[in-house]
1. Which pairs have Cβ atoms under 7 Å, sit 6 or more apart or on different chains, and link a residue in the stretch 167-192 that is without any contact (Cβ under 8 Å) to a residue 60 or more places away in the chain to one that is of a type in the set (Asp, Glu)?
2. Would you check which residues across the stretch 267-286 are open to solvent by 70 Å² or more (accessible area, probe 1.4 Å) and touching a Gly at 6+ places or on another chain (Cβ under 9 Å) and list them?
3. Looking only at residues in the stretch 114-143 that are part of a loop (DSSP other than H, G, I, E, B) and touching a Phe, Trp or Tyr at 6+ places or on another chain (Cβ under 7 Å), which one is nearest to GLU248 (Cα to Cα)?
Amino acid sequence: MTSSNEAELLARLQAQFGDMNVSEFLNGCPENDNSAADNDDDSESSIEDPSPEELAAWQEAQFAKGKMRLQTQEMLKDAATAGRRRRRGGNKSLLDRHEGDDKDWERVPATPDLNESSVFFPNNADGMDLATGVHPLLQKLTAFDPEVLGTKWHRLFSSSGGDGVSLTNLLDKLRGYDGATIIIFGGQPSAGRCLGNVNCLKPVSIGFFTFDMWIESDDMFGSDDDCFLFTLDQAANDVKIFPSRNRENPSRKGMNRYMYCNRNDKSEVSGLGIGGTSARPRLHITESLEDCRAFAYDELFEDGDLLPFNDSLYYFDVNEIEVWAVGEHSEEGLAAQAKQKEIEMARLEQARRVDKRLLLEHIENGFAWKSGNQPGLFGHRDHTEMR
């Protein structure tokens, strides 16, 4: 904790404890008390011995001061810990902890709590932590950023949970949620792209974490440099993380755009993209969820294979999708999203009522003639009668 932060905390404590000098509690008795004690030793005291009641009161006051001193030291210690956690949350992860800088960074215990079941982190998997009930792959994933991932996980979308394998449904569930999300795609090699004797049933699990909100746009968006791609290997019980190249580069913070989402058939690339460019994303999820592609490198994320095979020309088909809202503010984001959807539904209902009113007005007017003397729905009858 910096000296300015410590001074600020001492000022707040001083205001709380009133006339008592908080600095004395941290440093022991003040120098004035020591000099007073020396003077008493040099000369005989004319004060009478204290009574038992006075001695008990003095002991109680000293006990109270000692207790306050301990409380103050604990508060300063907690403030320093919080400062280190905030510092770690900015750039560092637990993976960096092994590089000899443990004295500057604090390990933060984390236990993710999923509010619903997950096909990627089943509860009956081998290697489950009996104490916490956390899937081993989820433990390894959480270790990369425990302050965010070691929190409550709220399921926003699950294809096997009733939302269907649909990109349209996925984007509808994501729309309006302004918070950290984890999206995981499960699949297998594209059958039409397999070469030779490759096992076209080999599973694929690719995920992406970001603090940025998902939107539909013609251009790349999302400048959160703490985002990362990852893969889950159920057979090997392994998680691979591919962080952004700017994660540890403060001079380029916020300069890249990592996300792409466009369902316009006329666009160069239709669907959802992560990394790379809008013309060639590192991970491309097509609107049909077939013939998706996952490349091993791009300029935005660290290199590495996203697919456990290379005999299908980097193509795979998606058959499972999950999206989770994560982080300590996820519940606030969910509440804001629900409120926004209520507003949108109210506007839609109002528009429907207006359309019905206009329809009734046209019916009452007989649909005989429209503006510009153009015949309406029943205009042919009037036209026939005039003939």
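1. Sorted first by the residue in the stretch 167-192, then by its partner, the pairs are ASN169/ASP163.
2. If the condition is that a residue be open to solvent by 70 Å² or more (accessible area, probe 1.4 Å) and touching a Gly at 6+ places or on another chain (Cβ under 9 Å), then ARG280 is the only one that fits.
3. HIS135
The values are calculated or read from the model by the stated rules, or taken from the named source; none is laboratory data. None of these values were measured; they are calculated from a predicted model. Don't worry about glycine lacking a Cβ; one is built from the backbone with ideal geometry, like all the others, and counts go over all protein chains shown. Just so you know, the surface numbers come from the protein's heavy atoms only, side chains and all, with ligands and any DNA or RNA stripped out. Shrake-Rupley method; radii C 1.70, N 1.55, O 1.52, S 1.80 Å.
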